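K.L.:
Here it is, the structure, as structure tokens.
The values are calculated or read from the model by the stated rules, or taken from the named source; none is laboratory data. What you are looking at is a predicted structure, and each value in this text was computed from that prediction instead of being measured. Don't worry about glycine lacking a Cβ; one is built from the backbone with ideal geometry, like all the others, and counts go over all protein chains shown.
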Amino acid sequence: MSTKSFHARLFASVLALCVISSAGNAQLSAAGRARLDSLRQTPEMAGTLIYQGTVFALRGPGADTLFRYERRVHTTASGISVTHATRDPAGTLIIDESAQLSASYDFQRFDAANAQAGISGSVVSSRGGRHLEYTLNDNGRVSTATEDVQDPVVTGPSVHGFIRQHWNELATGSKIRVRMVVLNRKTSYGFDLRMKSQADGQTTFSSTESSALVRLVIKPLNVTFVNSDRSLVRYEGRVPPMQKVGGKLKDLDARVEYRMVTAYR
């Protein structure tokens, strides 16, 4: 592929990341609806409740709760299954994101159902974590794609755990490059993980897009932990749910405050 062609494709991807859609028109697949219904009826099947997060706008007036989400984890034969369930202020379950991981947080599989955007699908890892297979149902339109990767793969439900797994390495000042799965684009994006700061018994790590062009759209993601037990305190950055603005759904950069329920997994 020529340099010109590569940059043209990258620029198109950046524009696609600026999601603006009409509110109320999403049509989730039957499989996606069934996935949300199952989690809604029996959330304990997703495992032990680890924490609850309250989502606020990162910028702008007011401190209203925009969404709430929770993390649940259960042990599998090959490691762990992690589920992030997001609800609107009325308590309606709108997004389920689940990741299958090894005990050391190596990526195996990602599944999602997003009623707000009308998308569902999966990403499956093979060939020792170097090959990804995407299946996406976007409001009834089914498509697939494949991608070869060299760096470790992370998802929303796994990135904070991945940082905890590599805490000591990052604390020395090292940078770790990862690939963040973006299901609705059927691709992954490179992020550089670093330790940002330490103060008052807490440590903040940042995730910065490795492409300068994509950084114009995706600002650095910051997550703060308590040093003593490495429990979560706060996250600032892009989140899965979108915010309705002027009748349109727009990508949301948010602040998430956590309440730990049990030890982090």
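K.L.:
Just to verify a result, which residue in segment 110-140, among those that are acidic (Asp, Glu) and crowded, with 17+ Cβ neighbours inside 10 Å, is farthest from residue 162 (Cα to Cα)?
P.N.:
Checked segment 110-140; the qualifying residue farthest from residue 162 (Cα to Cα) is 138.
K.L.:
Oh, and also: Name the one entry in 120, 104, 81, 126 that is more than 28 Å from residue 248 (Cα to Cα), touching a Leu at 6+ places or on another chain (Cβ under 9 Å) and in contact (Cβ under 8 Å) with a residue 24 or more places away in the chain.
P.N.:
The match here is 81.
K.L.:
Still on this structure, I have one more. Report, by residue number, each residue of segment 200-227 that is at positive phi and of a type outside the set (D, E, K, R).
P.N.:
Of everything in segment 200-227, just one residue is at positive phi and of a type outside the set (D, E, K, R), namely 201.
K.L.:
Out of the residues in segment 83-109 that are touching a helix residue (DSSP H, G or I) at 6+ places or on another chain (Cβ under 7 Å) and in a strand (DSSP E or B), which is surrounded by the most Cβ atoms within 10 Å (Cβ to Cβ)?
P.N.:
96
K.L.:
Please work out which one of (1) β-branched (Val, Ile, Thr); (2) at pLDDT below 95; (3) under 25 Å from residue 73 (Cβ atoms) is the condition residue 203 fails and give its number.
P.N.:
Only one criterion in (1) β-branched (Val, Ile, Thr); (2) at pLDDT below 95; (3) under 25 Å from residue 73 (Cβ atoms) is unmet by residue 203, namely (2).
K.L.:
Still on this model: Scan segment 96-134 for residues that are in contact with a strand residue (DSSP E or B) (Cβ under 6 Å, 6 or more places away or on another chain) and hydroxyl-bearing (Ser, Thr, Tyr) and jot them down.
P.N.:
Correct list: 98, 102, 120, 122, 125, 134.
K.L.:
Please state which one of 53, 47 is of a type outside the set (Val, Ile, Thr) and at positive phi.
P.N.:
47
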